[in-house]
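Here's the structure we're looking at; comments come further down.
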Amino acid sequence: LKDTQLMRILVTGSSGHLGEALVRVLRADGGDVAGLDVLPSPYTTVVGSIADRDCVRRAVAGAGAILHTATLHKPHVGSHGRQQFVDTNVTGTLNLLEEAVAAGASRFVFTSTTSAFGRALTPPPGAPAAWITEDVAPVPRNVYGATKTAAEDLCDHDELERLRSY
């Protein structure tokens, strides 16, 4: 990310483990970094949900790069409803992508999970492990994996090109 030092970077999920670490390291490296999260923290400059389009628009304004780490995770499966997973993981990602394109951001990094592969991670009989490549189709086990897979699909190159043509 050395070439991003001259641009503002937005990190979503800035109160979480990965997002907070990214904000901390990028700021220590002299980066102009903003954090977006539903929870306040020393690394969060915008408190709000990625499911809220207006909040995302404000947070993305002026950013040249978005590092998208915000998500409801597997441990949330027992405490959050399926719609909350869709709102955060799918709608939130779509909001970020569309607002990044509208704002002219040149970089977008989406963090996913091996949970998107789910049952595809099960090794074939007699094999010590499953070999995972880009050709392996995800077989999610739960709403977390399903929504992360859907969000990955939104980040597909062809989908981004379609967004740019709006």
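Structure above, values below:
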| read-out | value |
| --- | --- |
| Translational diffusion of the chain, µm² s⁻¹ [Kirkwood Rh, Cα pairs; Stokes-Einstein; 10 °C; 1.306 mPa s] | 96 |
| Cβ-based net charge around Thr147, under 14 Å, with every Lys or Arg adding one and every Asp or Glu removing one | +1 |
| Rel. contact order, % - alpha carbon contacts under 8 angstrom, at least six apart, the chain | 19 |
| Phi-based couplings in Hz for the stretch 25-35 (Karplus 6.51, -1.76, 1.60; Gly and Pro marked x) | 5, 5, 5, 5, 8, x, x, 8, 10, 10, x |
| Placed amide H near Phe108: partners under 5 Å, 5+ positions off or other chain | Ile66 |
| Selection of chymotrypsin sites (Phe, Trp or Tyr not before Pro), the stretch 54-145, meeting DSSP coil and at most 15 other Cβ within 10 Å | Trp131 |
| Solvent-accessible heavy-atom area per residue, rounded to whole Å², over the chain at 1.4 Å | 54 |
| Prolate/oblate/rounded label for the stretch 1-58 (Cα gyration tensor, a/c 1.5) | oblate |
| Efficiency of FRET from Cβ geometry, Ser79 and Ala130, R₀ 30 Å, rounded to 0.05 | 0.55 |
| Potential lengthening between Arg53 and Thr111 on full extension [0.36 nm per residue; Cα-Cα distance subtracted] | 18.9 nm |
| Of all accessible heavy-atom area on the stretch 28-79, the percent that carbon and sulfur account for (1.4 Å) | 56 |
| Separation of alpha-carbon centers, the stretch 68-91 and the stretch 10-46, rounded to whole Å | 19 |
| Carbon and sulfur %, accessible surface of the stretch 93-164 computed with the full protein complex present, 1.4 Å | 55 |
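The values are calculated or read from the model by the stated rules, or taken from the named source; none is laboratory data. This is a predicted model, so every value here is computed, not measured. Cβ sites come from the backbone with ideal geometry, for glycine too, and all protein chains shown count toward neighbours. Just so you know, the surface numbers come from the protein's heavy atoms only, side chains and all, with ligands and any DNA or RNA stripped out. Shrake-Rupley method; radii C 1.70, N 1.55, O 1.52, S 1.80 Å.
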